[in-house]
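The next block holds one structure in the form of structure tokens; read it before the comments.
The values are calculated or read from the model by the stated rules, or taken from the named source; none is laboratory data. Being a predicted model, the structure only gives us computed values, none of them experimental. Glycine also receives a Cβ, built like all others from the backbone with ideal geometry; neighbour counts cover every protein chain displayed. With ligands, DNA and RNA removed, areas are computed over all heavy atoms of the protein, side chains included. Shrake-Rupley method; radii C 1.70, N 1.55, O 1.52, S 1.80 Å.
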Amino acid sequence: MAGDADDGGPPEQKLNVVGMIGLIVFYLIIFVSGILSHKVLKRKSRKEAQKGQVSSNTEDMMLAGRDINYFVGVFTMTATWVGGGYINGTTESVIKNGLVWTQAPIGYSISLFLGGILFAEKMRTKSYVTMLDPLQIKYGKPLGALFYIPAFSGEILWSASILAALGTSLRVICGINDTASIIVSAAIAMTYTLFGGLYSVAFTDIIQLICIFVGLIFSIPFMTTSPHVTVPLQASNVTMFMDIDQPHSKFFGKLERNDVGVWIDYAIMLIFGGIPWQAYFQRVLSARTVSVAKTLSFCAAFGCFCAAIPSIVIGLITMNTDWPATEYGQKLVRMITNWPCH
């Protein structure tokens, strides 16, 4: 146990049997839904496929027969950004740097909005299969292969951040090993994706996004009723938001004049760097019509911003928690989503 304490990581937790059963049930629902949704959604798109809009089975799997409607599309487009890394990262940013430096919710929302205005119509009208198709057509296959490297690297690193956030969350909730949870989760996702392609991914996105929204919203009342949490924004607690040496709100943070350039640089990176992602254009290109493709981008921008609000509130609750009085201590601030519920 001493070794566990020295490595800076969290202490070992006992297996949460109830949490583990709930996790297994959830994974079974996701897996079965992912497999069955392929047959259901593909059956609906057969008429379009017969008209020649789907050129191959590969394209059918990648783009769901270009038959994603408004309902499914809004969920799967929003889920493009709203995952474990986005939710956990927003809370962490609020706690460490303040709201003014929590730029991802606004930055990614703007990027989705700009993507809908500038690229969705052109890409869907041309019926491309991937984001890199227009670049390969214009500059040739050698440069197309070169453009693939940063796109692939970005997807790998983004997937890694999501899986890492998932592993941390499952360790807190169920008390299971990070590595085991990451491997099992990745295996399940890969399996239903191999069976159903974007059909399965889109349908499971609906379930997962609903669980994220409902779970975050309903967890907040439990957190605020914990004996270790003081209800935020009461007049008597204003001093809890103030640093000792700096007369500014710790929750809202502070933007120094010397840091304006860095803040703008981050904003530009998030806004314009949030557009060239295959995961985003895959949803655009799978939309039933050009109008659907544009609408999905606009709705996802709104959904992306709304999903960050509960995370910001959780960050605020964290600042009002007497962590030294808890078992985990101050170094486990990120575990606020689990402890106040007990």
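Run Ile35 past the list (1) part of a helix (DSSP H, G or I); (2) touching a helix residue (DSSP H, G or I) at 6+ places or on another chain (Cβ under 6 Å); (3) at pLDDT 80 or above; (4) open to solvent by less than 60 Å² (accessible area, probe 1.4 Å) and report the number of the one that doesn't hold.
It is condition (3) that Ile35 fails.
Could you list, ordered by first residue, the pairs with Cβ atoms under 6 Å in which the first is in the stretch 288-301 and at pLDDT below 95 and the second is charged (D, E, K, R) and not in a helix (DSSP H, G or I), at least 6 apart or interchain?
Arg288/Asp67
Which one of these is more than 12 Å from Phe75 (Cα to Cα) and open to solvent by less than 10 Å² (accessible area, probe 1.4 Å): Ala279, Ala300, Ala308? Give the steps one after another, and end with the answer.
Values: Ala279 fails: open to solvent by less than 10 Å² (accessible area, probe 1.4 Å); Ala300 fails: more than 12 Å from Phe75 (Cα to Cα).
Of the residues listed, the single one that is more than 12 Å from Phe75 (Cα to Cα) and open to solvent by less than 10 Å² (accessible area, probe 1.4 Å) is Ala308.
Identify, from the list Ser185, Ser219, Ser153, the residue that is hydroxyl-bearing (Ser, Thr, Tyr) and modelled with pLDDT under 85. Explain how you work it out, then say what you get.
Values: Ser219 fails: modelled with pLDDT under 85; Ser153 fails: modelled with pLDDT under 85.
Exactly one of Ser185, Ser219, Ser153 is hydroxyl-bearing (Ser, Thr, Tyr) and modelled with pLDDT under 85, namely Ser185.
Say whether the condition of being open to solvent by 50 Å² or more (accessible area, probe 1.4 Å), without any contact (Cβ under 8 Å) to a residue 24 or more places away in the chain, closer than 19 Å to Ile312 by Cβ and not acidic (Asp, Glu) is met by at least one residue in the stretch 99-106.
no
State whether the residues of the stretch 245-258 include one that is out of contact with any strand residue (DSSP E or B) (no Cβ under 9 Å at 6 or more places or on another chain), open to solvent by 30 Å² or more (accessible area, probe 1.4 Å), modelled with pLDDT of 90 or more and in a helix (DSSP H, G or I). I'd like the intermediate steps shown before the answer.
First, pick out the residues of the stretch 245-258 that are out of contact with any strand residue (DSSP E or B) (no Cβ under 9 Å at 6 or more places or on another chain): 245-247, 251-258.
Checking which are open to solvent by 30 Å² or more (accessible area, probe 1.4 Å) leaves us with 245-247, 252, 254-258.
Going one step further and asking which of them are modelled with pLDDT of 90 or more, we end up with 258.
If we keep only those that are in a helix (DSSP H, G or I) as well, we get 258.
Yes: the stretch 245-258 contains one or more residues that are out of contact with any strand residue (DSSP E or B) (no Cβ under 9 Å at 6 or more places or on another chain), open to solvent by 30 Å² or more (accessible area, probe 1.4 Å), modelled with pLDDT of 90 or more and in a helix (DSSP H, G or I).
Counting just the residues of the stretch 117-150 that are aromatic (Phe, Trp, Tyr) and outside any helix (DSSP H, G or I), which one comes out most open to solvent (accessible area, probe 1.4 Å)?
At the first step, the residues of the stretch 117-150 found to be aromatic (Phe, Trp, Tyr) are 119, 128, 139, 147-148.
Within this subset, residues satisfying the condition of being outside any helix (DSSP H, G or I) are 119, 128.
On the way: Phe119: 82, Tyr128: 42 Å².
Checked the stretch 117-150; the qualifying residue most open to solvent (accessible area, probe 1.4 Å) is Phe119.
What number of residues in the stretch 193-211 are touching a Leu at 6+ places or on another chain (Cβ under 7 Å) and among the polar types (S, T, N, Q)? Even if it seems obvious, please write down each step before you answer.
If we filter the stretch 193-211 for residues that are touching a Leu at 6+ places or on another chain (Cβ under 7 Å), which is where we start, we get 198-199, 203.
Now restrict to residues that are among the polar types (S, T, N, Q): none.
Here the count works out to 0.
Being in contact with a strand residue (DSSP E or B) (Cβ under 8 Å, 6 or more places away or on another chain) and either assigned to a helix (DSSP H, G or I) or touching a residue at least 40 places away in the same chain (Cβ under 8 Å) (or both) narrows it down to one of Ala202, Ala187, Ala160, so name that one. Before the answer, list the steps.
Values: Ala187 fails: in contact with a strand residue (DSSP E or B) (Cβ under 8 Å, 6 or more places away or on another chain); Ala160 fails: in contact with a strand residue (DSSP E or B) (Cβ under 8 Å, 6 or more places away or on another chain).
One residue alone meets the criteria, Ala202.
Name the residue, out of Ser169, Ser153, that is of a type in the set (Gly, Ala, Ser), part of a helix (DSSP H, G or I) and crowded, with 16+ Cβ neighbours inside 10 Å.
Details: Ser153 fails: crowded, with 16+ Cβ neighbours inside 10 Å.
None of the other options fit; the residue is Ser169.
Go through the stretch 96-116 and give me each residue that's of a type in the set (Ser, Thr, Tyr) and assigned to a helix (DSSP H, G or I).
The answer is Tyr108, Ser109, Ser111.
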